[in-house]
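The values are calculated or read from the model by the stated rules, or taken from the named source; none is laboratory data. The structure presented is a predicted model; accordingly, all values stated were derived computationally and were not measured. Glycine gets a Cβ as well: all are built from the backbone with ideal geometry, and neighbour counts include every protein chain shown. These area figures cover heavy atoms from the full protein model, side chains too; ligands, DNA and RNA do not enter into them. Shrake-Rupley method; radii C 1.70, N 1.55, O 1.52, S 1.80 Å.
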Amino acid sequence: MRAGRLRTGLKGWGGVGAMAFACVLAVLAALLLPAVPWHGGGGGGGRDGAADDGHGATHGSQARAAQECTDPEKQTLAPSGDDGPTIDRIRAREGEKRKLIVGVDQNSFRWGYRDPNSGGDAELEGFDIDLAHRIAKDVLGDEDAVQFKAIPTDQRVPAIQDGRVDMVVRTMTINCDRLEDVAFSAPYFRTGQQVLAPKSSKITGYDGTLAGKEICTAAGSTALSTLEQDQKDGRLAEGVDLRTTVPNQLDCLVRLQLGEVDAVVTDGALAASQAAQDPTVELKGDAFTTEYYGVAMKKDADDLVRRVNRVLEQWRADRADGWQHSYEEWLSETMDDPAKSLPPTPQYLRGS
């Protein structure tokens with residue numbers, strides 16, 4: 001998407017290479033990218049009591065959708081190119097601050113990460129980063145008019161509610177609980193929860209072979225809430241230990257490499273990227289859920305939600321530099337079939 005982007009492959013990483021990469025990312029997080037402050041406790045999918053910004057815009061249709069949620073990926077507003085109060089506030093920023101502020105990941109290989117082999121300032125790149133640039137171009141007329149903020153998995157919702165970011169583009173699953181806290185765009189990617197474990201492990205998938213095993217998940221993630229619910233309902237293998245949670249998903253891969261956990265559960269799309277980083281691990285079994293990534297925004301940001309949905313429609317339709325192009329550039333080496341990942345034709349709230 002962006003001219004002059006430098007890329008080199010990261011094929012064939014072993015455990016040591018991935019560990020080194022994780023260390024590099026940690027240093028870069030401190031030095032190169034302003035991280036969103038943590039306020040403790042709140043999970044990415046829960047409500048932490050963060051206050052609204054007081055704009056008081058009407059968003060009754062989205063509030064009703066959250067209350068009546070059955071198909072969360074369909075609870076979004078119809079596309080529009082009209083401006084509104086949220087977009088006006090973004091455009092009113094002056095000078096160097098006139099940028100779209102986007103919460104992203106910087107250590108998810110192929111999604112949002114800094115390639116240590118690219119040289120220079122190790123610019124952020126990946127599938128989610130492409131989408132963020134596309135939205136910035138539509139809203140502000142410049143794909144580089146975007147300020148990225150690194151956000152841990154468990155801080156995605158609070159960062160939006162506190163107004164620290166305009167939106168989050170960070171492999172964020174649309175679900176009913178999160179719709180009570182934030183507004184989502186239409187889906188831009190389809191995935192599902194999967195098990196990641198060492199190739200030598202006897203674990204075969206989300207089944208009885210997990211009995212007595214210790215599983216790592218990211219705090220505030222859909223994986224954790226799904227496993228906790230399955231454990232409560234008796235659908236999870238007996239004796240599974242879910243106590244190991246981490247702020248960022250990559251930390252689970254490190255725990256797995258150190259032998260501190262037996263398996264990781266996360267979105268299959270992310271797990272495939274982690275398996276590409278370390279050839280000693282692999283996906284075990286099929287995805288056991290169906291989920292969709294969306295762009296998350298404030299509950300009252302109706303105009304921005306509509307604008308993002310218009311961008312997503314154009315991105316899907318753009319054969320030269322759109323969704324398919326980004327998939328081939330970033331994900332085709334780690335995932336087998338783009339047709340499995342492209343979400344269905346969007347459906348919007350009636351009357352929106």
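Listed conditions (1) out of contact with any helix residue (DSSP H, G or I) (no Cβ under 6 Å at 6 or more places or on another chain); (2) in a strand (DSSP E or B); (3) buried (at least 24 other Cβ atoms within 10 Å of the Cβ) are all met by residue 178, apart from (2).
Residue count for region 223-242 under the criterion of being out of contact with any Asp or Glu (no Cβ under 9 Å at 6 or more places or on another chain) and surrounded by fewer than 19 Cβ atoms within 10 Å (Cβ to Cβ): the result is 10. As a summary of the residue check, residue 96 satisfies the conditions (1) assigned to a strand (DSSP E or B); (2) of a type outside the set (Lys, Arg); (3) open to solvent by 30 Å² or more (accessible area, probe 1.4 Å) except for the one numbered (1). With the condition kept exactly as written, say whether any residue in region 71-89 is more than 25 Å from residue 149 (Cβ to Cβ), surrounded by 14 or more Cβ atoms within 10 Å (Cβ to Cβ) and of a type in the set (Asp, Glu). Yes, the conditions are met somewhere in region 71-89. Quick one: which residue in 132, 122, 136 is among the small types (Gly, Ala, Ser) and either in contact with a His (Cβ under 6 Å, 6 or more places away or on another chain) or over 20 Å from residue 321 (Cβ atoms) (or both)? Being among the small types (Gly, Ala, Ser) and either in contact with a His (Cβ under 6 Å, 6 or more places away or on another chain) or over 20 Å from residue 321 (Cβ atoms) (or both) holds for just one of 132, 122, 136, which is 122. Residue 273 passes every criterion in (1) modelled with pLDDT of 95 or more; (2) in a helix (DSSP H, G or I); (3) polar (S, T, N, Q) apart from (1).
Restricting region 298-331 to residues that are touching a helix residue (DSSP H, G or I) at 6+ places or on another chain (Cβ under 7 Å) and under 30 Å from residue 196 (Cα atoms), the residue that is surrounded by the most Cβ atoms within 10 Å (Cβ to Cβ) is 323. Of the residues that make up region 227-242, is at least one touching a residue at least 24 places away in the same chain (Cβ under 8 Å), out of contact with any Gly (no Cβ under 6 Å at 6 or more places or on another chain), farther than 28 Å from residue 143 by Cα and assigned to a strand (DSSP E or B)? Among the residues of region 227-242, at least one is touching a residue at least 24 places away in the same chain (Cβ under 8 Å), out of contact with any Gly (no Cβ under 6 Å at 6 or more places or on another chain), farther than 28 Å from residue 143 by Cα and assigned to a strand (DSSP E or B), which makes the answer yes. Does any residue of region 280-288 turn out to be within 21 Å of the chain's Cα centre (by Cα), surrounded by 23 or more Cβ atoms within 10 Å (Cβ to Cβ) and of a type in the set (Asp, Glu)? No, every residue in region 280-288 fails to be within 21 Å of the chain's Cα centre (by Cα), surrounded by 23 or more Cβ atoms within 10 Å (Cβ to Cβ) and of a type in the set (Asp, Glu). When residue 104 is tested against the conditions (1) closer than 23 Å to residue 274 by Cα; (2) open to solvent by 60 Å² or more (accessible area, probe 1.4 Å); (3) modelled with pLDDT of 95 or more, the lone failure is (2).
Let's see how each residue does on (1) open to solvent by 20 Å² or more (accessible area, probe 1.4 Å); (2) modelled with pLDDT of 95 or more; (3) within 20 Å of the chain's Cα centre (by Cα):
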residue: 244; (1), (2), (3): no, yes, no
residue: 255; (1), (2), (3): yes, yes, no
residue: 259; (1), (2), (3): yes, yes, no
residue: 263; (1), (2), (3): no, yes, no
residue: 268; (1), (2), (3): no, yes, yes
residue: 277; (1), (2), (3): no, no, yes
residue: 290; (1), (2), (3): yes, yes, yes
residue: 293; (1), (2), (3): no, yes, yes
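In region 122-173, the qualifying residues are those that are polar (S, T, N, Q) and more than 16 Å from the chain's Cα centre (by Cα), and the one that is most open to solvent (accessible area, probe 1.4 Å) is 147. Against the conditions (1) modelled with pLDDT under 95; (2) within 21 Å of residue 268 (Cβ to Cβ); (3) touching a helix residue (DSSP H, G or I) at 6+ places or on another chain (Cβ under 6 Å), residue 113 satisfies every one except (3).
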